[in-house]
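Worksheet: one structure, shown below.
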Amino acid sequence: MSKLERDSRAGAVLEVLGIAVFVHASGALRISGQPPDWLRLIWPTVTEPDATLPGSSAFLENFLIDARECWTAGGEKRARSGPWVEQTADGNELSLEATALTIGGQAILLLERLGEVFEAKKSMLQKARETVIAYQRLNSEMQKKEILLHCISEEMNAALANVITSLRLIELEKDPTRIGQLLRLASRATEEQQTLINKVLNVFAAELEGLRGRDGTAMAQTQLGDAVRAAEENVAPQFADKGVRLRLAGSGLDEMRVAMDSTHLTRVLSTLLENALQSAPAGDEVRLNFAEESGAILIRISDNGPSFPPDICANLFSRAATAASGPQASHLPLQFCRIAVENCDGEIGYESRHEGGNTFWVMLPTPAAPK
Amino acid sequence: MIQKKICMIGASGVGKTSLISKFVHSMFSDKYLTTVGVKIDKKTVAVDGAEVMLMIWDLEGDDDYQRLQTSYLRGSSGYLLVADGTRQITLDQAIEIQGRVTAAIGPVPFLLALNKADLVSQWEIDQSRVDDLTARGWKSFKTSAKEGAGVEEAFVELSRQMIQPP
Ligand SMILES: Nc1nc2c(ncn2[C@@H]2O[C@H](COP(=O)(O)OP(=O)(O)OP(=O)(O)O)[C@@H](O)[C@H]2O)c(=O)[nH]1
Ligand SMILES: [Mg+2]
């Protein structure tokens, strides 16, 4: 078989495969042999043998820079463009790939219409990527659940602590009215715990939804006064135990309404008060300030205890704390607070005061003027 | 008319293709069809009285399966770095990719698009992280390829930065 025959047979094979061969000669890329049909769909002018490749594809123009480098290097070197999509004149799309190579000193550009193999690769990638995304979502869903679960345990624990403290105080108490009060507190805490257990059993899913979806929370309205009093009662036994006073400052508490679910708000306030109590020196005080500021209510809870070290401050509310360093129990309730507050378009933050002490603040939109 | 090449860069499934589709064709689909390879779209925008023809390169998501090919970035005047606001990890990925892009083509204008802003209840990206990036000089937009919010604004702002370098 002569070289000419071999060449024409090779050309025929490429033609059957639908691969267009362009030869680089005197500054232009010319088609070699019969252009495949699909080529005309994109470049209607490339119909005749010897036609030049039009410079209308921005992708190819960019690839030709790599191709020229490859041709200059010569030898075995090849450059592949990777797949790209080209629009046909009638509005369809074709996936193509270009290869630059040198054969016998001749610079060659192959243009291939990608077919079944490419489609198979694409569908593999589709599945792989969908799986990765589903995995990421599941992971983050689990983190949220973990936080909620922890918060519920914390709440049950707090209720139990109230029962224990009340019982201990009753033991020491002589005043019958005071004993009556403590008994009522203890019995309320017991009921609370029972409610919580029921919640865990029945409403866990709904609770998660309520926290995540804003449908329920967007319409929520809570009288700040009610939530503050409920939170105050929640923490009263622990405060009494440590001899710490809770001082409220601000006026018009009962006129203030915030756009947040009342259970969530009470939980947030109780958590922040418990936090402050932990830092507060025994016999000292914790202050709860509230004020209305341009369509929002700002609540500040401060203590005079030692300020948190900076590395802790940075991660107090961070989701990353659970993701990266594993669940840090003490931060989970604060993360719950953050999620609950942000879900109703509020903000939560911490600041240490230079004169010492810690302040947690919560900014909540009022129902009339959601932020 | 001024012609500028921009690239869509970011992890898989963050909404690069959807942002282009909304911006260029005013269309959105909920169905996820991953991009394999490159597709180029064109759209003219008016920026402060000037017409800019954007050549928008939709690149495939950078992930473990397929790495961003830096040769595609050649000649880019800017890029839109896209993250999915409902997947915090895609912001970390965007930051990492941005480093690679800068190493490849130098400091060209870019904007961070925090996409899927319509999915408020699933939002995961902390504002404090965005503030940190802003402090580093990053400009970011919340976008929704679904509802259109911020989409045109992001492309126009990127164009503005490309034609009038600071
Ligand atoms: N709700 C909502 N969904 C969106 C938005 N943008 C994209 N999506 C959805 O997210 C999925 C991925 O979108 P694509 O645009 O394909 O993402 P991509 O970044 O191009 O993905 P790759 O090509 O795989 O890298 C699709 O199901 C889209 O419908 C948005 O703003 N809001
Ligand atoms: Mg895509």
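The values are calculated or read from the model by the stated rules, or taken from the named source; none is laboratory data. This structure is a prediction, so every number in the text was calculated from the model and none was measured. As a convention, Cβ positions derive from the backbone with ideal geometry for all residues, glycine included, and neighbour counts pool all protein chains shown. Note: areas computed on protein heavy atoms with side chains; ligands, DNA, RNA excluded. Shrake-Rupley method; radii C 1.70, N 1.55, O 1.52, S 1.80 Å.
Tell me, what ³J(HN,Hα) does each residue in the stretch B:130-137 have, in order and in whole Hz, if you take phi through Karplus 6.51 cos²θ - 1.76 cosθ + 1.60 with θ = phi - 60° and put x for Gly and Pro?
Couplings: 5, 4, 4, 5, 4, 4, 7, x Hz.
Sorted by accessible area (1.4 Å probe), largest first, how do A:HIS354, B:HIS25, A:HIS24 line up?
Listed by decreasing accessible area, they come as A:HIS354, B:HIS25, A:HIS24.
Can you list the residues, at least 5 places off or on another chain, whose amide H is less than 5 Å from the amide H of A:ILE297, using H built in the peptide plane?
The list, which skips near neighbours in sequence, is A:LEU364, A:THR366.
Can you give the % of DSSP beta bridges in the stretch B:37-116 that are antiparallel, to the nearest 5?
Among the beta bridges of the stretch B:37-116, antiparallel pairing accounts for roughly 60 percent.
The stretch A:50-146: D in µm²/s via Stokes-Einstein (Kirkwood Rh, Cα pairs, 37 °C, 0.692 mPa s)?
199 µm²/s
Count, for each residue of A:80-87, the Cβ atoms from other chains sitting within 10 Å of its Cβ, then give me the mean as a whole number.
That average works out to 5.
Once the whole set of protein chains is in place, how much accessible area is left on A:ARG184, using a 1.4 Å probe, in Å² to the nearest 10?
150 Å²
Is the shape of the stretch A:1-78 rounded, prolate or oblate, going by the alpha carbon gyration tensor and its root eigenvalues a ≥ b ≥ c, with a/c under 1.5 for rounded and a/b larger than b/c for prolate?
Oblate shape, in that a/c is at least 1.5 and b/c is the bigger or equal ratio.
Chains A and B: buried accessible surface, both sides, probe 1.4 Å, rounded to 100 Å²?
Protein heavy atoms only, the A-B interface buries about 2800 Å².
Using a Gaussian network for chain A with springs between C-alpha atoms less than 10 Å apart, which of these wobbles most: A:LEU96, A:LEU160, A:LEU169?
Checking each option, the largest mean-square fluctuation is seen for A:LEU96.
Under a GNM of chain B (C-alpha, springs under 10 Å), which listed residue has the highest mean-square fluctuation: B:VAL36, B:VAL14, B:VAL151?
Looking only at B:VAL36, B:VAL14, B:VAL151, the largest GNM fluctuation is found for B:VAL36.
Need one value: the accessible area of A:PHE308 in square angstrom, 1.4 angstrom probe, rounded to the nearest 10.
50 Å²
Please find, in a Gaussian network model of chain A (springs between Cα atoms separated by less than 10 Å), the residue of A:ALA128, A:ALA189, A:ALA340 whose mean-square fluctuation is greatest.
Of the options given, A:ALA128 has the highest mean-square fluctuation.
Through the Karplus equation 6.51 cos²θ - 1.76 cosθ + 1.60, θ set to phi - 60°, convert the phi angles of the stretch B:153-160 into ³J(HN,Hα) values in whole Hz; use x for Gly and Pro.
Computed from phi, the couplings for the stretch B:153-160 are 4, 5, 5, 5, 5, 4, 4, 4 Hz.
Collect residues whose amide H, placed 1.01 Å from N in the peptide plane, falls under 5 Å from the amide H of A:SER307; neighbours closer than 5 in sequence don't count.
A:GLY357
What percentage of all Cα-Cα pairs in the protein assembly as shown are separated by more than 37 Å?
48 percent
Need one word for chain B: rounded, prolate or oblate. Basis is the Cα gyration tensor (sqrt eigenvalues a ≥ b ≥ c); a/c below 1.5 gives rounded, then a/b vs b/c decides.
Judged from the Cα gyration tensor, chain B comes out rounded (a/c under 1.5).
Once you've got the Cα coordinates, tell me which of A:LYS144/B:LYS142; A:LYS121/B:LYS116; A:LYS121/B:LYS146; B:LYS16/B:LYS43; B:LYS22/B:LYS139; A:LYS121/B:LYS5 are over 25 Å apart.
From A:LYS144/B:LYS142; A:LYS121/B:LYS116; A:LYS121/B:LYS146; B:LYS16/B:LYS43; B:LYS22/B:LYS139; A:LYS121/B:LYS5, over 25 Å: A:LYS121/B:LYS116; A:LYS121/B:LYS146; A:LYS121/B:LYS5.
Residues of B:33-46, mean number of Cβ from any other protein chain within 10 Å of their own Cβ, rounded to a whole number?
The mean count of partner-chain Cβ atoms within 10 Å per residue comes to 5.
Using the membrane-span-like helix rule (whole DSSP H runs, Cα extent along the own axis of at least 27 Å, mean Kyte-Doolittle hydropathy at least -1.0), which helices of chain A qualify?
Long hydrophobic helices here: A:116-172, A:176-198.
To the nearest whole number, what is the average tally of beta carbon atoms from other chains within 10 Å of the beta carbons of peptide A:65-71?
Average neighbour count from other chains, rounded to a whole number: 1.
How much of the DSSP beta bridge set in chain A is antiparallel, as a percent to the nearest 5?
Of all bridge pairs located within chain A, approximately 90 percent are antiparallel.
Taking H placed 1.01 Å from N in the peptide plane, check which residues at least 5 places from A:LEU246 or on another chain put their amide H under 5 Å from its amide H.
Placed amide hydrogens put A:VAL286 under 5 Å from A:LEU246.
Accessible area, 1.4 Å probe, largest first: how do B:ARG87, A:ARG80 sort?
A:ARG80, B:ARG87
Give the separation of the Cα centroids, the stretch A:252-310 to the stretch A:143-186, in Å.
What the calculation gives is 20 Å, centre to centre.
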